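The values are calculated or read from the model by the stated rules, or taken from the named source; none is laboratory data. What you see is a predicted model, and the numbers here were worked out from it, not measured in a lab. We place every Cβ from the backbone using ideal geometry, glycine too, and count neighbours over all the protein chains shown.
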Amino acid sequence: MNTELLGIIASFAITLVIAVPLGKYLANVFAGEKTWTDFLKPFESIIYKLSGINPKEQMTWKQHLKAMLTINSVWLVYGFFVLMYQDKLPLNPDGNAGMSPDLSFNTIISFVVNCNLQHYSGESGLTYFTQQFVIMFLHFTSAATGIAAAVVFFKAFRDKTTTTLGNFWEFFVKSITRLLLPLSLIVGLILAFNGTPTSYEGKDQFISLQGDTVNVSRGPAAGMIAVKHLGTNGGGWFGVNSAHPLENPSYLTNMVEVISQMIIPIAMVLAFGYFIRKRKFAWTIFGVMTIGMFMLLIPTIMSELGGNPAIEKLGISQTIGAMEGKEVRFGPAASAYWSTVTTIISTGSVNSMHDSGMPLSGLWQLLGMMINSFYGGCGVGILNYFIYLIIAVFISGLMVGRTPEFLGHKVEAREVKIAAIITLLSPLLILAGTAIASFVFGSYGDADWAVKPANWLNNPSFHGFSEMLYEMTSSNANNGSGFEGLGDNNIFWNISTGIVLFLGRFLPIIGPIAIAGLLGAKKYIPASAGTLKTDTKTFALMTFAVILVLNALSYFPALALGPLAEYFTMIGLRE
Amino acid sequence: MKSQSNKLFEPALVQTALKQSFVKLDPRVMIKNPVMFTVEIGTLVMAYVTFYSISNTGQGSALYNFFIFLVLFLTLLFANFAEAIAEARGKAQADSLRKTREETPAKLILADGTIKQVSSSQIKKGDIFICETGDTIPTDGEIVEGIATIDESAITGESAPVIREAGGDKSSVTGGTKVLSDEIKVMVSTSLGESFLDKMIALVEGASRQKTPNEIALTILLASFTLVFIIVCITLKPFADYANTPITIAALISLFVCLIPTTIGGLLSAIGIAGMDRALRANVITKSGKAVETAGDIDVLLLDKTGTITIGNRKATQFYPSKGIPREVFIKLCLLSSIPDDTPEGKSIVELANQLLPIGAVSSSEKEGMDFIKFTAETRSSGVKLSNGNQILKGASDAMRNITQKAGFNFPEDTAEEVKKISSNGGTPLVVTENAVVMGVIELQDIIKPGISERFERLRKMGVKTVMVTGDNPLTAKFIAEKAGVDDFIAEAKPEDKMNYIKAEQQQGKLVAMMGDGTNDAPALAQADVGVAMNSGTQAAKEAGNMVDLDNDPTKLIEIVEIGKQLLITRGTLTTFSIANDVAKYFAIVPALFIASIPALQSLNIMGLNSPESAILSAVIFNAIIIPILIPLALKGVAYKPIGATALLRQNLLIYGIGGVVAPFIGIKLIDLVVGLFI
């Protein structure tokens, strides 16, 4: 067991060793300062020239948003049709079919918004063409969109007062050329050398010892799995994602994948500090996020290592912990670590089935996605955190008797209004979505859909409720992991989560950028003794309290009916 | 006015407030406060449910529903009462000021010059009236002719009479004050009902009360929290259906009312009104609630040296005769030079000399027949020409050096040395010559007000930079600035220097406050973010500023800054308290809702409440009574301590954050113990 915990500690330590210098590097890249990757400049110039972009052109926050939304809608339309007609396109050795319109709608939104909720199985639902030119392509661009958006936010606070926030296309292109491509290359090679397939051949076949014929799907997977983690995307090549022996062959690849999904989100937080020249502030944010992560991680590990009381009651020994739904090559501790990491930072890839975890693990996973900013996704994590910061700054500003300020800019009604709307959005999407699903499940069980609502849930009762809640939470957080056990490939879930995905992605980018743009344009107020410092432990505690209380208050009843009811009922069984 | 009772709940005021609590139930009034408006809707729904459950089943007993309705109704009344009592107190305070000026006879000067006695309510802006010894001044105005001593104790509580005269910066008189001597002609400056006081009363009464920017932002935030809880409560219904748990309307509405921030929502406007009221109690009339709030944000404070940092004017403190001149002779010369001089400096020389000289040292014949030589900007000296033809002059050392050297005399070295010493000590040297021969030097010193440096220290801890404005030379100014503990100074200040300084600070994003009285202060008062005009100042100054200080006390700004900060702090801490309360309320209500169908959730009933019904009722009762419990705090404001922003946040987070989480656990448990006896 000690080696299992050691594995987690080592993974986190290596993550930090990579993320800290990466943060500094990213700040330099986006600030346009000299870096060792400047040899890529000519390559970038070609991209700019081909696309007719002037990377020196300065944009306001509104122009940034326009650029971001325009390019994203182009991909939406492109992907929607390609997925529907993939059977007519090349690189389809297994002869997989095209997607139904509602599944294509859900899938394309899901990948454009960096969520990667999958209502299909990669082996049978996609072709090598769509895997590469839709899925993997979007793995890069959606991550780059998030990173570029975060840099726009950084830019608003670098100078005292500014309305020009750099060029969106430059940030976007650099995110790919200077960050995602080189790192994917390294991670992809590691995976390929450790057994992940990299071939355009169709299914392979072998006859097992029992004499059964087994078809093994493969394909050019290693490169995609690399960027799937680096870009906090999470949409796997195979249906069972990184629990699949070819997608994640060994403990070593498991470490590589879990490390690679954390480095950019952490690096972005630290890059913020380097970029605005307030390193202590960034470390304070990092501190809050890290403490938050451990508060979710430690109980998850404990409940998984503790084993299942229901199995214990049967008299079965569980010395290594709860193993249902877990891969033997990873074990419960590494699976718990992964499940925490993948939910707090919106990757959504899995190396064990969350549906089979202990009820409390489900609670912590849900909470991690509801908060969605303990590191959070590529770039968007810090944007989500910014909303909490604004609310914390506002309330604590009042508490010290001064009109609230954030980094020297007054936070007034307009900014509070935007922050309030964004705060409101998550409970609205998650709770209303789950409420509608519960209602349809209860009242229209016989609806004539691909999966009848009455048959949606593999597990009725509290766990079934958690499955629906998890699906909506995962969509809103753009996380993409599923509790599974939910019959989700039908028009209801495809359309409803599609809408939640879309709103849950773009509004939480538009809101923070608008606030940052408005604040950045305001007069800079130099700090005095009466100014509330945002890089202190006290303010960090305040932010933490705001995050905790806001989420607890929004979701307590729902969580009580799902994982908490399940947990207490299970505990009751033991007694 | 000063004797105004500080009791929070005067019986008469409580009575008015109680009546107003019901009047304010009008939905058209309530809608201005979104949080409480939703409570009102909830109350109406509960009224309906109560009637419904008399003859129908499924929504619990009518009696229980009635209790919930009653508690919600009380919640509304408590919130209205908080606002009403704050209004009543502010109004009472303003009324007591207004009373002093009602129905006073005024001696109006008609166009043909005759004088007609009319009531003060009949005079209009622009009218001129006359006031003689013993008259009460009928209304605010500006002296156009004459000089008088005036007793302003009715307004300021200060018993010492003050002098007001036509022209200059002390020409304003206030209605309700009394002329003690002489006669003045006064032009009415404001029409009836438009004086600052009238405006302030309107502000307090709500007629023209506008929400301040911070209040608007907070209202938005609270409204969004309310919306979140609307979502939580509405979605709970399908969730409960899924879990096969029927939820009564009473339970849903109770949960909703408990969760939304009713505590701060109910007290929000009371806090704002109380802030203006506290300013009024400090004898400051504010022209808007925003001005009080802005005061809390002030970064830079401009203060005139004279009268604020130092007591009145410079005073003579020492006589230093030149070598070879007998001390007594020198002092006598100084005395003679200053007898006709009625500047404060001159008077202080006479005063000091009289103390030091034996009685009769100067014969009355010596004083007779002297001619006064006035101070001019060119000569920079003044003095007398005695009847025997001797000329005694006193003035700045360089001016006197010129005179001496022109006449062919030397400027004695020991005196030059003394001049330097005085200057570097922050004093002002006045060199005295007799017939162009230097006789010695008088030292004038500023006397710094006792306790002033402690107040500046307090301001510094609040993050406010203090700036002293003075006409002194930089050397003197620096000495006084250091001695008094101000952070910066403007020496040899001209009126436009103040303005430029304010603009420069504002350019850097700072908020500037200043106090002024003269007409030439008016532009700077208008430019400053918080401009406090003294009531004794000119009408122009009072119009330009956004506050008027009835006490004419220049250090009043410090109190205003604290009132502004208190206002924001009270709002912030009560918001925190209100939100933190929800944690305990969840633990009371959520298990109560589901315990029947999911017995395992009993584990969430960590308070061990009696029954689902008593748990819900206890939570709403706690939610209701916390409002009146906090009214005194809302009215008095949370105490402000200048201990630095971070320490202050830590302290308030501890008291109102942690306290806000813990208090309702205890409160709800106690109420449940009582309620459990009946249910």
Residue that is surrounded by the fewest Cβ atoms within 10 Å (Cβ to Cβ) [pool: residues in segment A:342-387 that are β-branched (V, I, T), closer than 30 Å to A:A420 by Cβ and under 15 Å from the mean Cα position of the chain (by Cα)]: A:I371
With the condition kept exactly as written, say whether any residue in segment B:635-646 is in the same structural domain as B:E83 (by TED's automatic domain parsing), over 35 Å from the mean Cα position of the chain (by Cα) and among the charged types (D, E, K, R). no
Would you please list the contacts, defined by Cβ atoms under 7 Å and residues six or more apart or on different chains, that run from a residue in segment B:31-44 that is in contact (Cβ under 8 Å) with a residue 24 or more places away in the chain and more than 13 Å from B:L268 (Cβ to Cβ) to a residue that is among the hydroxyl-bearing types (S, T, Y) and surrounded by 21 or more Cβ atoms within 10 Å (Cβ to Cβ)? B:T38/B:T226; B:V39/B:T75; B:V39/B:T262
Looking at (1) modelled with pLDDT under 95; (2) surrounded by 15 or more Cβ atoms within 10 Å (Cβ to Cβ); (3) over 25 Å from the mean Cα position of the chain (by Cα); (4) part of a helix (DSSP H, G or I), which is the only condition A:Q63 fails? (1)
Note: among A:F80, A:F129, just one is farther than 28 Å from A:P508 by Cα and aromatic (F, W, Y), namely A:F129
Of the residues in segment B:310-344 that are in a loop (DSSP other than H, G, I, E, B), modelled with pLDDT of 80 or more and among the hydrophobic types (A, V, I, L, M, F, W, C), the one that is nearest to B:L459 (Cα to Cα) is B:I339
Report, by residue number, each residue of segment B:318-346 that is within 30 Å of B:M515 (Cα to Cα) and surrounded by 16 or more Cβ atoms within 10 Å (Cβ to Cβ). B:D341, B:E345, B:G346
I'd like the full set of residues that are surrounded by 24 or more Cβ atoms within 10 Å (Cβ to Cβ) and either assigned to a helix (DSSP H, G or I) or without any contact (Cβ under 8 Å) to a residue 40 or more places away in the chain (or both), limited to segment A:110-127. A:S110, A:F111, A:V112, A:G122
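Conditions (1) in the same structural domain as B:I422 (by TED's automatic domain parsing); (2) in contact with a Leu (Cβ under 9 Å, 6 or more places away or on another chain); (3) buried (at least 22 other Cβ atoms within 10 Å of the Cβ); (4) on the phi < 0 side of the Ramachandran plot, marked per residue:
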| site | (1), (2), (3), (4) |
| --- | --- |
| B:R458 | no, no, no, yes |
| B:M462 | no, no, yes, yes |
| B:A481 | no, no, yes, yes |
| B:M514 | no, yes, yes, yes |
| B:P523 | no, no, no, yes |
So A:T37 passes all but one of these: (1) buried (at least 18 other Cβ atoms within 10 Å of the Cβ); (2) touching a helix residue (DSSP H, G or I) at 6+ places or on another chain (Cβ under 6 Å). Which condition number does it fail? (1)
Looking at (1) assigned to a loop (DSSP other than H, G, I, E, B); (2) buried (at least 16 other Cβ atoms within 10 Å of the Cβ); (3) among the acidic types (D, E), which is the only condition B:E378 fails? (2)
Scope segment B:45-78; condition assigned to a helix (DSSP H, G or I), within 20 Å of B:A592 (Cβ to Cβ) and in contact (Cβ under 8 Å) with a residue 40 or more places away in the chain; matching residues: B:V45, B:M46, B:V49, B:Y64, B:N65, B:F67, B:I68, B:V71, B:L72, B:T75
Here are some residues: A:E327, A:E247, A:E312, A:E304. Which one is among the charged types (D, E, K, R) and in contact with a Phe, Trp or Tyr (Cβ under 9 Å, 6 or more places away or on another chain)? A:E247
When you go through (1) within 30 Å of B:L617 (Cβ to Cβ); (2) touching a Gly at 6+ places or on another chain (Cβ under 8 Å) one by one for B:I589, which number turns out not to apply? (2)
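I'd like to check which helices (runs of 4 or more DSSP H) are fully inside segment B:190-270 and have at least 3 residues that are modelled with pLDDT of 90 or more and either touching a His at 6+ places or on another chain (Cβ under 8 Å) or at the interface with chain A (Cβ under 10 Å from one of its Cβ atoms) (or both).
Once the helices (runs of 4 or more DSSP H) in segment B:190-270 are filtered for at least 3 residues that are modelled with pLDDT of 90 or more and either touching a His at 6+ places or on another chain (Cβ under 8 Å) or at the interface with chain A (Cβ under 10 Å from one of its Cβ atoms) (or both), what remains is B:213-242.
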Tally up the residues in segment B:557-581 that are at the interface with chain A (Cβ under 8 Å from one of its Cβ atoms), touching a Pro at 6+ places or on another chain (Cβ under 8 Å) and not hydrophobic (A, V, I, L, M, F, W, C), please. 1
B:E83 touching a Ser or Thr at 6+ places or on another chain (Cβ under 8 Å), assigned to a helix (DSSP H, G or I), under 30 Å from B:T263 (Cα atoms) and modelled with pLDDT of 85 or more: yes
Looking only at segment A:406-425, how many residues end up being closer than 23 Å to A:A527 by Cα and crowded, with 24+ Cβ neighbours inside 10 Å? 4
Would you confirm whether any residue within segment A:512-521 is among the aliphatic types (A, V, I, L, M) and within 22 Å of A:F294 (Cβ to Cβ)? no
With respect to the numbered conditions (1) within 21 Å of B:I309 (Cβ to Cβ); (2) touching a residue at least 24 places away in the same chain (Cβ under 8 Å); (3) not in a strand (DSSP E or B), which one is the sole condition not fulfilled by B:L525? (2)
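Could you identify the single residue in B:A645, B:A663, B:A596 that is surrounded by 16 or more Cβ atoms within 10 Å (Cβ to Cβ) and more than 12 Å from every other protein chain (Cβ to nearest Cβ)?
B:A663
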Scanning segment B:651-660 residue by residue, those surrounded by fewer than 19 Cβ atoms within 10 Å (Cβ to Cβ) and over 26 Å from B:S611 (Cα atoms) turn out to be B:Q651, B:L654, B:I655, B:I658
Just wondering, is there one or more residues in segment A:191-207 that are in a helix (DSSP H, G or I) and touching a Leu at 6+ places or on another chain (Cβ under 7 Å)? no
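Scan segment B:437-453 and tell me whether some residue there is touching a helix residue (DSSP H, G or I) at 6+ places or on another chain (Cβ under 9 Å), of a type outside the set (G, A, S), within 14 Å of another protein chain (Cβ to nearest Cβ) and surrounded by fewer than 24 Cβ atoms within 10 Å (Cβ to Cβ).
Within segment B:437-453, none of the residues are touching a helix residue (DSSP H, G or I) at 6+ places or on another chain (Cβ under 9 Å), of a type outside the set (G, A, S), within 14 Å of another protein chain (Cβ to nearest Cβ) and surrounded by fewer than 24 Cβ atoms within 10 Å (Cβ to Cβ).
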Checking the conditions here, which among A:G146, A:G195, A:G223, A:G211 is within 25 Å of the chain's Cα centre (by Cα), among the small types (G, A, S) and farther than 30 Å from A:A282 by Cα? A:G223
Could you please find all residues in segment B:416-440 being more than 13 Å from B:K394 (Cβ to Cβ) and either in contact with a strand residue (DSSP E or B) (Cβ under 6 Å, 6 or more places away or on another chain) or in a helix (DSSP H, G or I) (or both)? B:A416, B:E417, B:E418, B:K420, B:K421, B:I422, B:S423, B:S424, B:G427, B:N435
Assuming B:N610 fulfils every condition listed in (1) touching an Asp or Glu at 6+ places or on another chain (Cβ under 7 Å); (2) in a helix (DSSP H, G or I) apart from one, which condition is it? (2)
